[in-house]
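Presented below is the structure to which this report refers.
The values are calculated or read from the model by the stated rules, or taken from the named source; none is laboratory data. These numbers come from a predicted model, not from an experiment. Note that each Cβ is placed from the backbone with ideal geometry, even for glycine, and that neighbours are counted across all protein chains shown.
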Ligand code: MG
């Protein structure tokens, strides 16, 4: 399986990092070794002084898709989860300045904690989903899927033009504003529509 992630998919987050609001989706990938499940602790790597949390809605692809038509794109995922796209912001900043790729800042081990999946059908409207991240019981990020720049369907259409999607692939769909540094000892709790989905520590 592979993990595809969308950058700058909420305008207010693009602005907080002084990035332009994109006209086509920004994508990058993480390997399967980035996954962190069952609320296992995230071990803070020593190669970065500035690991940021980015809370995101994650889609699980349910069948193979290449050149998916927008009309059918909603049929390519049944389940969603909450995930964190941990980002070594200091490394990313240096790489952005030099025009280098982002892998070292985004794809490291444990950089993709993920909750259990839930059926999207249980929600009345997947484009009105509130989600948030609390750090040490203080809300740091709060988002709603109505603010997505590129919808889940448009992401699937765009990605599948270039990369065949396979059953079990995950798509991290971008983070709302409020990203910030995590420290050893922090407790991260993620909520989807007031249901606690993530609860883990930084060690
Ligand atoms: Mg992200």
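Descriptive notes on the structure:
- Any hit, the stretch 8-21, residues being in contact with a helix residue (DSSP H, G or I) (Cβ under 6 Å, 6 or more places away or on another chain), surrounded by 15 or more Cβ atoms within 10 Å (Cβ to Cβ) and in contact (Cβ under 8 Å) with a residue 40 or more places away in the chain: yes
- Within the stretch 155-168, if we keep just the residues that are surrounded by 17 or more Cβ atoms within 10 Å (Cβ to Cβ) and more than 16 Å from the chain's Cα centre (by Cα), the residue that is nearest to residue 70 (Cα to Cα) turns out to be 157.
- Taken as a whole, the condition of being modelled with pLDDT under 95 and either out of contact with any strand residue (DSSP E or B) (no Cβ under 8 Å at 6 or more places or on another chain) or within 23 Å of residue 158 (Cβ to Cβ) (or both) applies to residue 19.
- Any chance residue 126 is within 19 Å of residue 158 (Cβ to Cβ), modelled with pLDDT of 95 or more and more than 16 Å from the ligand (Cβ to nearest atom): yes
- Residue within the stretch 49-61 that is at pLDDT 95 or above, over 20 Å from the mean Cα position of the chain (by Cα) and under 19 Å from residue 17 (Cβ atoms) present: yes
- Single match in 171, 114, 91 (criterion: out of contact with any strand residue (DSSP E or B) (no Cβ under 8 Å at 6 or more places or on another chain), under 23 Å from residue 33 (Cβ atoms) and buried (at least 16 other Cβ atoms within 10 Å of the Cβ)): 91
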